[in-house]
Amino acid sequence: MKTRALRNIALSALSLAGVTAMAQSTEHDYVLDFKDTGIDIQPTMYGIFFEDINFAADGGLYAEMIKNRSFEFTLPLMGWEQPNSDRHSFNKQSGYANIVTTKEGTNHNTARITVRDDKGYSLINEGFRGMGIKAGAKYDLSLMVANEDGGIKKIIFQLIDEKGTVLGETSVSPQGADWKKYETVLTPSKTEAKAKLKITFEGTGVVNVDMISLFPQDTWKGRKGGMRKDLVQKLYDLNPGFLRFPGGCIVEGRVLERRYQWKKTVGPAEDREILVNRWNTEFDHRPTPDYFQSFGIGFFEYFQLSEDLGAEPLPILSCGMACQFNTGELVPMDELDPYVQDAIDLIQFANGDTSTSWGKVRESMGHPEPFNLKYIGVGNEQWGPDYIERYKAFAKAIKDEYPDIIIVSGSGPFPDGEYFDYGWEELKKLDAEIVDEHYYNTPEWFKENATRYDAYDREGPKVFAGEYAAQSVAIASPENRNNWECALSEAAFMTGLERNADVVYLTSYAPLFAHAEGWQWTPDLIWFNNLESYATPNYYVQQMYGNNPGTDLITITEKKEPITGQDGMFATAVVDKNTKEVIIKIVNTSEHAQETDIKVRGKKLATKGTMTILGNDKLESENGFDMENIAPKTSEFELKSRKMEVEIPAYSFVILKVKIS
């Protein structure tokens, strides 16, 4: 069978990947057939699902470091300390802050600071579980000030650590009673994950402040007030075909008044009306009352991010139904028009000429060129007759105005059952184009469902596997782990998605991000704290698929049957016409190595290829901030005649790539 040299190459690769070959080994004879299947892999096949959960936006992707920068939280001074205030004391001390509220505009609150005797009244902002600052890096600080009576001579800004030690300092001198924006730069002398911003007022009198903001200069693409660089880089490295935003249940709101309204998220950042995040008190195990949405990342930024990533934008809009797990509040059908108009206007915002009203808004934000939106989603995971009735109204209006836009509909929150079956039946009658399916389940379920789409109607709607993740304990359990067993089962399941690429057009893991101290839901693809981030094993599974999608499906079989779990093995194969390569994905979910002889039919291949292995012999193994135990490793292997003879390690996901000669 295998030559000693080739076996040594494979074992060397296993060692690099941290995988131990078990003594027991099963032999397989596979056939790789280049006969045209007529099935294309969609450019959107592997994408990203973004939702503002787990501090994914404010405190995460959005690089703003000040929490409650414009005093708009329900408790307007949440996130701010007044260590030497006389607000609640009869002793005459240094000063206090009042909140002045106006009904004008969208930024309703202002902090009115009264400094009494120049003893150094201070405000301290705690950040998002602290502020991650790096020694020598530059941070842009800005704020709006109206020096009401001219008595405040200087405002001093200091980055401090948990002991109060000053790590960086700068100041501004406010002039005049009219509102004016002041900008300066802070450069810390030390790296600190739990820094705070201390603001001290010199002089006595009354001064009004608002929109106090602190951003690193080193953002993604160097954009002022932009996104956190390391987190966007991880998204870019996934090579996503699409970006779905802004969620998720966040689209719906617990009540309709708190749904996501895209028009409130565009235009100047200071004019975007803040909203309580629907995940703030959703789970008893992780209440997060200080979780709000500043919409610093709004729909313009999502479109811009899609463009940066080379991904198709896929916005999802409210269909007039609040989350059915909460209130299920419905807008009456005779009051649905504004919701439908939001969808029509969004398409104009994304694609309209700059002579259109919403095209002008896009242009004013610095993007006169259209974003070339092709997809739009109606509702998140609603179900039942009420959803179908509202979907019909949206679909008719959108198609009447924009017949080329592809509409994504939903089949509810579950992968089967009464709601699911009803949704699919009705959407099929309506000639729906793409139906979104969600599944959170056990690793065993994912392996068993690698054949899920084999029997789907090839003439029916296409599928968007819009949210999925294996749960190590139970759905929504805080004990779920991003372990190798879950990631391996997802890799196995994804062979079934790819093998059915004539039905499945888009796929995405969910949720995407989680702050190590601010999370509500597990598991998640990327974990981060205030300074660092790490990729989970699940991330690397997505990355290996996303960077090796291919363009055309071909077959790989054993005994003329697809490889869908026989002896714990799963496999699929594609051709990439652009790189002139064949790409074979093989997943071994068994506890022993598997010898595979892959016979090639229909094409001649190069004499060498690459083998990328992701694996670990411990299913409970995880990655972390200190070490990524599970990450892909690549080595070369040689082909023998018209065969690939390779050993697939126990508990591994392997990609073989060979040039077509």
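Of the conditions (1) under 22 Å from Glu381 (Cβ atoms); (2) part of a helix (DSSP H, G or I); (3) in contact with a strand residue (DSSP E or B) (Cβ under 8 Å, 6 or more places away or on another chain), Val340 fails just one. Which one is it?
(3) is the only condition that Val340 fails.
Strands (runs of 3 or more DSSP E) wholly in segment 602-661 with at least 2 residues that are closer than 30 Å to Ala516 by Cβ - which ones?
Hits in segment 602-661: 605-615, 633-638, 652-660.
Quick check on segment 573-586. Is at least one of its residues assigned to a loop (DSSP other than H, G, I, E, B), touching a residue at least 60 places away in the same chain (Cβ under 8 Å), touching a Gly at 6+ places or on another chain (Cβ under 8 Å) and buried (at least 18 other Cβ atoms within 10 Å of the Cβ)?
So far as segment 573-586 goes, no, none of its residues is assigned to a loop (DSSP other than H, G, I, E, B), touching a residue at least 60 places away in the same chain (Cβ under 8 Å), touching a Gly at 6+ places or on another chain (Cβ under 8 Å) and buried (at least 18 other Cβ atoms within 10 Å of the Cβ).
Condition first: buried (at least 21 other Cβ atoms within 10 Å of the Cβ) and under 15 Å from Tyr62 (Cα atoms). Now tell me which residues in segment 528-544 satisfy that.
Correct list: Phe528, Asn530.
Filter segment 174-197 for residues that are among the basic types (Lys, Arg) and either in a strand (DSSP E or B) or not assigned by TED's automatic domain parsing to the domain that holds Arg112 (or both); which is farthest from Glu64 (Cα to Cα)?
It comes out as Lys180.
Any residue at all in segment 478-490 that is under 16 Å from Asn538 (Cα atoms) and among the small types (Gly, Ala, Ser)?
yes
Select from segment 392-450 the residues that are touching a strand residue (DSSP E or B) at 6+ places or on another chain (Cβ under 9 Å), within 30 Å of Val473 (Cβ to Cβ) and among the hydroxyl-bearing types (Ser, Thr, Tyr) and list them in ascending order.
Within segment 392-450, Ser411, Tyr439, Tyr440, Thr442 meet the criteria.
Of Glu307, Glu381, which residue is in the same structural domain as Ile274 (by TED's automatic domain parsing), among the acidic types (Asp, Glu) and touching a Ser or Thr at 6+ places or on another chain (Cβ under 9 Å)?
Glu381
Under 7 Å between Cβ atoms, at least 6 apart or on separate chains: pull out the pairs that start in segment 112-139 with a residue that is in contact (Cβ under 8 Å) with a residue 24 or more places away in the chain and over 22 Å from Glu64 (Cα atoms) and end on any residue that is assigned to a strand (DSSP E or B) and aromatic (Phe, Trp, Tyr).
Ile113/Phe201; Thr114/Tyr96; Val115/Phe201; Tyr121/Phe201
Rundown of residues vs (1) assigned by TED's automatic domain parsing to the domain that holds Asn449; (2) over 23 Å from Phe49 (Cβ atoms); (3) more than 28 Å from the chain's Cα centre (by Cα), yes/no style:
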{"residue": "Asn538", "(1), (2), (3)": "yes, no, no"}
{"residue": "Val541", "(1), (2), (3)": "yes, no, no"}
{"residue": "Lys585", "(1), (2), (3)": "no, no, no"}
{"residue": "Gln594", "(1), (2), (3)": "no, yes, yes"}
{"residue": "Arg601", "(1), (2), (3)": "no, yes, yes"}
{"residue": "Thr610", "(1), (2), (3)": "no, yes, yes"}
{"residue": "Gly615", "(1), (2), (3)": "no, yes, no"}
{"residue": "Glu620", "(1), (2), (3)": "no, yes, no"}
{"residue": "Ser635", "(1), (2), (3)": "no, yes, yes"}
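Can we say Glu202 is of a type in the set (D, E, K, R), farther than 25 Å from Gly132 by Cβ and either in contact (Cβ under 8 Å) with a residue 40 or more places away in the chain or assigned by TED's automatic domain parsing to the domain that holds Tyr540 (or both)?
Against the criterion (of a type in the set (D, E, K, R), farther than 25 Å from Gly132 by Cβ and either in contact (Cβ under 8 Å) with a residue 40 or more places away in the chain or assigned by TED's automatic domain parsing to the domain that holds Tyr540 (or both)), Glu202 qualifies.
Please count how many residues of segment 457-478 are assigned to a loop (DSSP other than H, G, I, E, B) and either outside the structural domain of Val504 (by TED's automatic domain parsing) or out of contact with any Lys or Arg (no Cβ under 8 Å at 6 or more places or on another chain) (or both).
Residues flagged as assigned to a loop (DSSP other than H, G, I, E, B) and either outside the structural domain of Val504 (by TED's automatic domain parsing) or out of contact with any Lys or Arg (no Cβ under 8 Å at 6 or more places or on another chain) (or both) within segment 457-478 amount to 7.
Condition check: out of contact with any Lys or Arg (no Cβ under 7 Å at 6 or more places or on another chain), more than 20 Å from Gly247 (Cα to Cα), free of Cβ contacts under 8 Å to residues at least 24 places away in the same chain and in a helix (DSSP H, G or I). Does Lys392 satisfy that?
no
Evaluate segment 154-169: report whether one residue or more is under 30 Å from Tyr302 (Cα atoms), in contact with a strand residue (DSSP E or B) (Cβ under 8 Å, 6 or more places away or on another chain) and either in a strand (DSSP E or B) or modelled with pLDDT of 95 or more (or both).
no
The values are calculated or read from the model by the stated rules, or taken from the named source; none is laboratory data. Note that the structure is predicted; figures quoted are calculated from it, not measured. All Cβ positions, glycine included, derive from the backbone under ideal geometry; neighbour counts span all protein chains shown.
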